[in-house]
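Chemist: Below is the structure I would like to discuss, written out as structure tokens.
The values are calculated or read from the model by the stated rules, or taken from the named source; none is laboratory data. Nothing here was measured: the structure is a model prediction, and the numbers come from that model. Here the Cβ positions follow ideal geometry from the backbone for every residue, glycine too, while neighbour counts run over all protein chains shown. Note: accessible area is taken over every heavy atom of the protein model, side chains too, but ligands, DNA and RNA are not part of it. Shrake-Rupley method; radii C 1.70, N 1.55, O 1.52, S 1.80 Å.
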Amino acid sequence: MTVTIGINGLGRIGRSLTRIVASVPHSGVEIAAVNDIASTEKLAYGLRRDSIRGSFPGTVTARGEYLVVNDHAIRTFHHERPERIPWADHGVDVVIEATGRFRAGTTARHHITHGGARKVVISASADDPDAFLIFGANHQNYDPVGHDVVSPASCGVNALTVMAKVLLDRFGLGSVNTSVILASQGWQRVQDSAAGNSRDDPRLGRAGGDSIIPHNYVVGDLVRVALPEIGEMRYSYYCVPTPIGSLAELSGQTGRPVTAEEVNRAMAEAAAGPLRGILAYDPDPTVSIDVKNNSASCLFDPSGTQTTADGGVKVRGWFDNEWGFSNRLLDLARLVGERLPVGSSRVSWSVA
């Protein structure tokens, strides 16, 4: 089955999604339409030339109101609000909301009620979605009838959650502390700006290339939404001036004393088995650039594992904060698209 998707926002996530679909034969996903306020010509240029990913491995052209990617025509729209986009006219079943602006479940739902899509996946730690679904942890909880607007949380939450899942299942886990070091974000500025970010913290408007910037608005405790057994946790996030490659660290108490070798073996077995493609394992000493274009949610770094005699544990993993997360967005789009319930929300849609 091929799931037909639309993408709202062709920024860093939207371009990554398009590149992944175009590069994977028989991906199970087809992009029928995209919406972005930029012109079709600029969208084509942004796909062809990317400062992080390099030149597009194929062909991208603009033909009227279509992006033609490797001879596949994608309809482009240029609306500022979700309720104006006629997704149903182009057979879109699942919309990936990737603008970063419409992360509230109520607003994202307009893709369904006004645009005629049947499901929405929000590419962020959304506000009040029907469900947070993290692959490798709780995606099996998806309810085709009750979950219309879903979110895979964030790239950092995904990296932390898959490591926490292995520890929890193998050894037990509680008293969790996490820390995420994020590479430069698309919303950051080259120079200080008092306006333009969606949060009240003035530090988020500071020049991204000059400072380590705390980001208190990233919701790290969404890990326990997927894994409620771990109980309360503490978390911190920081943005740093590196172009690609982010770091996730997690510490806590296991149910019994364990060795670093036991922990690393458990991670390697999970990466080769039930979490294959979601958790990766690299025995070499790694730095942030080594995770570039890695499609896993987390590239586990065994050199960072520490344990204590009383059951304390600390683990470390890397993640490409656009590429791995975009792969999980597509996994989620396939999941909801392949399990669409009988009957359609399109019966009463209309463009406002």
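Chemist: Gly6 versus (1) modelled with pLDDT of 95 or more; (2) outside any strand (DSSP E or B); (3) under 27 Å from Val145 (Cα atoms): which is the lone unmet condition?
Modeler: (2)
Chemist: I'm checking my understanding of the structure. Among residues of region 240-261 that are more than 25 Å from the chain's Cα centre (by Cα), in contact (Cβ under 8 Å) with a residue 60 or more places away in the chain and more than 18 Å from Leu160 (Cα to Cα), which one is most open to solvent (accessible area, probe 1.4 Å)?
Modeler: Among those that are more than 25 Å from the chain's Cα centre (by Cα), in contact (Cβ under 8 Å) with a residue 60 or more places away in the chain and more than 18 Å from Leu160 (Cα to Cα), it is Arg256.
Chemist: Give just the number: which of (1) open to solvent by 70 Å² or more (accessible area, probe 1.4 Å); (2) under 22 Å from the mean Cα position of the chain (by Cα) does Ser27 not satisfy?
Modeler: (1)
Matching residues to (1) closer than 23 Å to Gly245 by Cα; (2) buried (at least 23 other Cβ atoms within 10 Å of the Cβ); (3) among the aliphatic types (A, V, I, L, M):
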position: Ile112; (1), (2), (3): no, no, yes
position: Val121; (1), (2), (3): no, yes, yes
position: Pro129; (1), (2), (3): no, yes, no
position: Asn141; (1), (2), (3): no, no, no
position: His147; (1), (2), (3): no, no, no
position: Pro152; (1), (2), (3): yes, yes, no
position: Asp169; (1), (2), (3): no, no, no
position: Gly172; (1), (2), (3): no, no, no
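Chemist: Oh, and also: Tell me whether region 154-162 contains one or more residues that are within 17 Å of Leu330 (Cβ to Cβ) and either more than 14 Å from the chain's Cα centre (by Cα) or in a loop (DSSP other than H, G, I, E, B) (or both).
Modeler: Within region 154-162 (the criterion being within 17 Å of Leu330 (Cβ to Cβ) and either more than 14 Å from the chain's Cα centre (by Cα) or in a loop (DSSP other than H, G, I, E, B) (or both)), the answer is yes, since at least one residue qualifies.
Chemist: Of the conditions (1) surrounded by 23 or more Cβ atoms within 10 Å (Cβ to Cβ); (2) more than 13 Å from the chain's Cα centre (by Cα), Asp89 fails just one. Which one is it?
Modeler: The failed condition is (1).
Chemist: Still on this model: Does Val180 count as under 23 Å from Asn327 (Cα atoms) and in contact (Cβ under 8 Å) with a residue 60 or more places away in the chain?
Modeler: yes
Chemist: Also, I was wondering about something else. Looking only at region 225-239, which residues are open to solvent by 20 Å² or more (accessible area, probe 1.4 Å) and either farther than 23 Å from Pro152 by Cβ or out of contact with any strand residue (DSSP E or B) (no Cβ under 6 Å at 6 or more places or on another chain) (or both)?
Modeler: Pro228, Glu229, Glu232
Chemist: For Asp290, are the conditions met, namely being open to solvent by less than 10 Å² (accessible area, probe 1.4 Å), within 21 Å of the chain's Cα centre (by Cα), at negative phi and of a type in the set (D, E, K, R)?
Modeler: no
Chemist: Those residues that are open to solvent by less than 10 Å² (accessible area, probe 1.4 Å) and over 11 Å from Pro82 (Cα atoms), I need them from region 93-110; list them, please.
Modeler: Val94, Ile96, Gly105
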